[in-house]
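S.K.: This structure is in structure tokens; I'll ask about it shortly.
Derivation of every value follows stated rules applied to the coordinates shown; laboratory data play no part. Owing to the predicted nature of the structure, the values given are computational and were not obtained by experimental measurement. For neighbour counting, all protein chains shown are included, and Cβ atoms are generated from backbone atoms with ideal geometry for every residue, glycine included.
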Amino acid sequence: MPVEFSPEHWQTIEQRGRAAFLGMAIGDALGATTEFMTPMEIRFKYGVHKKIVGGGWLYLKAGRVTDDTEMSVCIARAIRDAGGWDLTAIAQNFVDWMKSRPVDIGATCARGIREFMHTGSLEMPPNEWDAGNGAVMRMVPVALASLGDEKRLAEWSVAQAHLTHHHPMSDAACITVGRMVHQAMQGASLDQLQTLADELVGQFAKFRYRPYLGGSSAYVVDTMQTVFHYLFSTESFADCLIGVVNQGGDADTTGAIAGMIAGAFYGLSSFPRRWVRRLDPLVREEVTELADHLVNHSPLASRLK
């Protein structure tokens, strides 16, 4: 039986898709300032870091994003231009992006992209050192494109992850984040999202986030613990992101992942206007357009037409 949505309900889903992609970019831009800093260093320099001011170890202009957003945009463009999921097109977009000399690129991502360049391989071999957060950070376009089909979500999440990261905990985190975005876009409660987080902990006990130990490195366990802690202990999009990025560490990525989930959950109306205005306007425009395209060509949208 086809699912029926009122025009108003579908507009809410579209809006939450935009919020997920835009929230990811905002979290990236906000967190880039405090990347690799400790909480004590952040307090000494900023008190509480809550403005998009750029700087950081990359000396960014205020509002500029990093590899988290740029690789997500690569995936979204590839899906749009290919008219659907095309892993080779995604890998080629990564190559073109890397050749453009981006401001930052993680070592594991660079290794996987080079492997595709030299051999055409679309999957790195399993590696116990690949349990980083670099595949999770680019999950928002995968979630939007697969909206309404959890089987595709799982398959595509792992496929894009294995271009650069091949580790079961990275795979599981990617799928969990994608499911959280799906459910948040369709009106799930925070308790329902927490159930998904707890299922991940049941699968891999290392992801346990209570009590929160304060780790915020690029290790996917630290990343997800930080995201979960602040997502479930705050009551607004802004408070969630402020808490995450003030932990420092890999703050652009923890900010990006928290931003995509919290964005989908709280919606655009919850975003501080100053953050939206400070984000690079070209990025703001493109991620909004890409989000609309992906959601409106998703399996859920196809069933409604």
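S.K.: Helix by helix, which DSSP H runs in the chain go 30 Å or more along their axis at the Cα atoms and have an average Kyte-Doolittle hydropathy of -0.5 or more?
M.R.: Result, helices passing both filters: 7-31.
S.K.: Going by a ≥ b ≥ c, the root eigenvalues of the Cα gyration tensor, does the stretch 192-243 fall in the rounded group (a/c under 1.5), the prolate group (a/b larger than b/c) or the oblate group? Present the calculation step by step, with values, prior to reporting the outcome.
M.R.: Numbers: a/c = 2.20, a/b = 1.26, b/c = 1.74.
Here the stretch 192-243 falls in the oblate category.
S.K.: Work through the residues other than G259 whose Cβ is under 12 Å from its Cβ and net out their charges, Lys, Arg +1 and Asp, Glu -1.
M.R.: The answer is -3.
S.K.: Oh, and also: Where the centre of each part is set by its Cα atoms, how far does the stretch 239-305 sit from the stretch 8-60, in angstrom?
M.R.: Centre-to-centre distance over Cα atoms comes out at 10 Å.
S.K.: Share of Cα-Cα pairs in the stretch 183-305 beyond 18 Å, in percent?
M.R.: When all Cα pairs of the stretch 183-305 are counted, 57 percent exceed 18 Å.
S.K.: Give the cross-link partners of K45 among the aspartates and glutamates, using a straight C-alpha distance below 19 Å as the criterion and excluding same-chain residues fewer than 8 apart.
M.R.: E35, D250, D252
S.K.: Would you calculate, for the chain, the mean residue ellipticity at 222 nm contributed by helices, counting each DSSP H stretch of 4 or more residues as -39,500 (n - 2.57) and dividing by all residues, to the nearest 500?
M.R.: After summing the helix terms and dividing by the residues of the chain, the value is -20000 deg cm²/dmol.
S.K.: Same structure, new question: Quick one, what does Rg over Rh come out to for the stretch 234-305 if you take C-alpha atoms and the Kirkwood Rh?
M.R.: 1.04
S.K.: Using only the alpha carbons, work out the radius of gyration and Dmax of the stretch 110-226 in angstrom.
M.R.: My reading of the Cα-based Rg and Dmax gives 14.4, 46 Å.
S.K.: For the stretch 7-304, what is the convex hull volume of its Cα atoms per residue in Å³?
M.R.: Residue-normalised Cα hull volume stands at 115 Å³.
S.K.: What lysines does K151 reach when the alpha-carbon gap must be under 24 Å and sequence neighbours fewer than 8 apart in one chain are set aside?
M.R.: The reachable lysines, counting only those whose Cα sits under 24 Å from K151, are K305.
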